[in-house]
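Participant: To start, I am sharing the structure in question, which I have written as C-alpha cells.
Taken together, the values in this text are just the output of simple stated rules run on the coordinates, not laboratory data. Only a predicted model underlies this, so the values are computations on that prediction, with no experimental measurement involved. Here the Cβ is made from the backbone with ideal geometry for all residues, glycine too, and neighbour counts use every protein chain on show.
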Amino acid sequence: MRLIKKLLAISLFASNIAFAYDFKGIEVGAKVDRDTIADKLGVRCMDSKQEPGGFCFGETTITQTKAEVHVNYDADNIVERISLTFSPDSFGTVKAALIEKFGKPDSDKTDKVQNGMGAIFEQNTVTWLKNGDMNGDMMYLHKYGKTVTESKLVIVSKASVKKTMESAAKRKGDI
C-alpha cells in the first residue's frame, strides 16, 4: 500500500512538471514557428516593427464559439502570450472546458462591477497558476473583459510575466 501511495505521489509530481498551458496545441513558453500558429489557429502572423518577435491575430473558435485570438511571440519564436475574446454567453461553457482540460483553478472569484451607465454585473475571474506560483506560467479567464460585451481568456508565459513585472517596476519608479 505504501508503494502505491509513493508511486501516486511521484506520478502527480511528474505530471505537474510536464504540464503546460496551451490553446489548440500552441503552448506558452514553447518555441513554435509562425506558420504552425497560423495553420493551427487559422490566423495571420507578422513580425513586429517595434520590437523583436511578432504576433498572430484573427478569428478562431473556442468551445465552438467564435473568438478573436492574439498570439505574441519573441525573437526566438517562443510564445509569450495567447489572448482570446469571445461572447460572455459562452463564458460558462469555456470555463467548464478549461477546468476539464487544466483542472481546478487556483482562484475563482466573483465580484460586482459597474458600467458607465450604472448597471451592476457579476464579474467572475478564474485563475490557474502553474505549480501555484505567481511567477510562472498563468492563465486567467474574465467573464467581462474591457466591456460587458466580451469575455477574455489570457494565457501568459513565465517570461512574459517577468517582463510585465519589470515594466511595472520601471513605471513605479518613474514618478
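Participant: Can you tell me which of 44-50, 131-137 comes out highest on packing, and rank the rest after it, using the mean Cβ neighbours within 10 Å? Please list the in-between numbers first.
Facilitator: Values: 44-50: 11.0, 131-137: 13.3.
Ranking the peptides 44-50, 131-137 by packing returns 131-137, 44-50.
Participant: How large is ³J(HN,Hα) for each residue in the stretch 95-103, as worked out from phi by the Karplus curve 6.51 cos²θ - 1.76 cosθ + 1.60 (θ = phi - 60°), to whole Hz, x for Gly and Pro?
Facilitator: For the stretch 95-103, the Karplus curve yields 4, 4, 5, 5, 5, 5, 7, 10, x Hz.
Participant: Now a separate question. Just grab the label-to-label distance for ALA20 and SER107, each label 7 Å out from Cα along the Cβ direction, in nm (one decimal).
Facilitator: 2.6 nm
Participant: Extension gain GLU59-ALA119, at 0.36 nm per residue separation less the Cα-Cα distance, in nm?
Facilitator: 18.6 nm
Participant: Going by average Cβ neighbours within 10 Å, how do the peptides 27-40, 105-118, 69-82 rank, with the highest at the top?
Facilitator: Numbers: 27-40: 16.5, 105-118: 10.6, 69-82: 20.0.
Result, highest mean Cβ count within 10 Å first: 69-82, 27-40, 105-118.
Participant: Is it possible to state the helix-based mean residue ellipticity at 222 nm for the chain, with each DSSP H run of 4+ residues giving -39500 (n - 2.57), the sum divided by total residues, to the nearest 500 deg cm²/dmol? What is it?
Facilitator: Taken over the chain, the calculation gives -9500 deg cm²/dmol.
Participant: Still on this structure, I have one more. Restricting everything to alpha-carbon atoms, can you work out Rg to Rh for the chain with a Kirkwood hydrodynamic radius? Working shown, then result.
Facilitator: Details: Rg = 17.9 Å, Rh = 17.7 Å.
Computed over Cα atoms, the ratio is 1.01.
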